[in-house]
Amino acid sequence: MEGTIYSAWIGAVTVPPLAALVVGIATRFGPAGRPIAAYVALAVLVASSLAVALQLSFVHRPANLWWLLASYGAYCTLAAACFGIRPLWLRIPALLIAALPIAAVYLLATVGIMALAAIAADLGAPPRRTELMRSGLSCDVTFWGMVSTDSGYEVHLRRFWPPAPFIWRTVSTVAVNQTAGETELTCQTLLARYDSGR
């Protein structure tokens with residue numbers, strides 16, 4: 001768990017300068033270097049967007065944090081590539097707009113370090129309970145919340161993808177806020193809802 005938190009903090013701090021370094025090195029390979037770095041970064045962001053839209057994630061939970069950091073690195077690479085925009089009137093606003101999310105992450109890594117730690121802990125924490133419901137369909141329960149906030153758990157129903165057994169797709173998720181006294185939910189209940197199409 002602590003390793004996941006440290007990885008998130010180190011990534012948040014070091015990814016932007018590393019991305020700028022990658023763009024700088026790519027530029028040394030000639031005029032096509034910067035666009036190639038930008039195209040690779042764009043491909044990573046498109047893959048991430050598709051994964052979110054299809055609700056795909058890695059079975060090994062810490063790998064999701066590493067992919068998130070890779071996606072952040074891709075964004076920072078695109079932001080650094082804005083230095084190559086020729087017209088100054090376009091370069092300055094592009095850099096300022098691109099820098100806003102990076103500044104927000106730096107703020108999270110400094111002033112908001114507790115929030116970053118909570119996010120990283122949730123991303124890297126193993127499920128409290130996992131059940132194989134039937135062939136290719138798994139259910140897990142993950143807890144969320146802190147002492148100073150509401151707390152509860154999420155029940156996830158996930159389907160394995162046979163060509164890539166290290167990836168699964170979330171087909172149904174229900175969050176239960178225990179602080180608010182919401183009705184408890186089990187894997188069997190979620191499976192019954194899924195089977196009935198609700």
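The values are calculated or read from the model by the stated rules, or taken from the named source; none is laboratory data. None of these values were measured; they are calculated from a predicted model. In this analysis, Cβ positions are derived from the backbone assuming ideal geometry, glycine residues included, and neighbour counts consider all displayed protein chains. Accessible surface areas use protein heavy atoms only, side chains included; no ligands, DNA or RNA. Shrake-Rupley method; radii C 1.70, N 1.55, O 1.52, S 1.80 Å.
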**Request:** State whether one or more residues within the stretch 114-125 are open to solvent by less than 60 Å² (accessible area, probe 1.4 Å), farther than 21 Å from residue 63 by Cα and touching a residue at least 12 places away in the same chain (Cβ under 8 Å).
**Result:** no
**Item:** Qualifying residue in the stretch 42-49 (condition: crowded, with 19+ Cβ neighbours inside 10 Å and either closer than 25 Å to residue 115 by Cα or hydroxyl-bearing (Ser, Thr, Tyr) (or both))
**Value:** no
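Return yes or no: is residue 47 small (Gly, Ala, Ser) and closer than 21 Å to residue 103 by Cα? Break it down into steps so the answer makes sense when it comes.
Details: small (Gly, Ala, Ser): yes; closer than 21 Å to residue 103 by Cα: no.
When the stated conditions are applied, residue 47 does not pass them.
In the list 53, 70, 74, which residue meets the criterion of being open to solvent by less than 30 Å² (accessible area, probe 1.4 Å) and within 25 Å of residue 170 (Cα to Cα)?
Details: 53 fails: open to solvent by less than 30 Å² (accessible area, probe 1.4 Å); 70 fails: open to solvent by less than 30 Å² (accessible area, probe 1.4 Å).
The unique qualifying residue is 74.
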**Request:** Would you check which residues across the stretch 52-75 are more than 10 Å from the chain's Cα centre (by Cα), modelled with pLDDT of 95 or more and closer than 18 Å to residue 119 by Cβ and list them?
**Result:** 73, 75
**Complete:** If we ask which residues in the stretch 144-193 are within 19 Å of residue 59 (Cβ to Cβ) and open to solvent by 50 Å² or more (accessible area, probe 1.4 Å), their number turns out to be 10
